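What follows is a set of notes on a single structure, which appears directly below.
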Amino acid sequence: MRLRKTALAALLILSGAGAAGAQTVVDGSEAGVGAEAARTALSLIERQMRDPEAKVAGLRIGRAGALCGTVDLRNRMGAYTGPRPFVADLSEPFLGRLPEGPELRSPGSVAAFRAMEQAKALFEANCTAG
């Protein structure tokens with residue numbers, strides 16, 4: 001019985017049901033990219049950034065087809081840290097927030113370094129004025 005309850009709880013968490021908060025697009029920009037693209041990006045943000053109340057804004061399709069935008073996450077104290085650019089290749093699916101400061105100087109692992117480099121290249125190809 002306990003195993004069944006644990007499995008049900010895991011299923012609810014994975015499906016997003018019962019979540020107290022949810023990522024939101026705060027400026028209505030999801031209308032310009034489509035509901036499916038916005039949902040996929042919000043799902044990736046939830047999975048990778050682990051902030052159930054992230055604030056997303058500025059969604060747009062980039063020059064090479066990736067999704068560009070900003071995401072504002074909370075720090076350990078619960079305060080929002082300010083919006084930072086992100087880029088998502090929804091076909092892979094890949095989402096990366098542009099690295100800054102300590103992340104640039106000392107990525108946590110080889111995988112983190114590769115993801116950081118992929119995010120920078122994808123952002124440059126899609127989201128910068130060009």
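The values are calculated or read from the model by the stated rules, or taken from the named source; none is laboratory data. Quantities reported herein were computed from a predicted structural model and do not represent experimental measurements. With ideal geometry, Cβ positions are generated from the backbone for all residues, glycine too; neighbour counts draw on all protein chains shown. For accessibility, only protein heavy atoms count, side chains too; no ligands or nucleic acids. Shrake-Rupley method; radii C 1.70, N 1.55, O 1.52, S 1.80 Å.
With 0.36 nm allotted per residue and the present C-alpha distance subtracted, the S43-L98 stretch has 18.0 nm of extension available.
Relative contact order for the range 58-130: 31 percent, from Cα pairs under 8 Å spaced at least 6 residues apart, divided by residue count.
Of the trypsin sites (Lys or Arg not before Pro) found in the range 32-130, the ones in coil according to DSSP and having at most 14 other Cβ atoms within 10 Å of their Cβ are R50, R63, R76.
Distance between the modelled labels on D27 and R63, one decimal in nanometres: 2.0 nm (7 Å Cα→Cβ projection). Sparse packing (at most 11 other Cβ atoms within 10 Å of the Cβ) combined with a DSSP loop state is found for the following GluC sites (Glu not before Pro) in the range 41-130: E100.
Taking 7 Å steps out from each Cα toward its Cβ at V110 and R84 produces label points 2.4 nm apart.
Mind checking the full-extension length gain between R50 and E36? Use 0.36 nm per residue of separation minus the Cα-Cα distance, one decimal, nm. The span from R50 to E36 would gain 3.0 nm if fully extended. Summing Lys and Arg as +1 and Asp and Glu as -1 over all other residues whose Cβ lies under 13 Å from the Cβ of A129 gives a net charge of +1. Heavy-atom accessible area with a 1.4 Å probe sorts T128, T24, largest first, into T24, T128.
Counting charges near G108 (Lys, Arg +1; Asp, Glu -1) among other residues having Cβ under 15 Å from its Cβ returns a value of +1.
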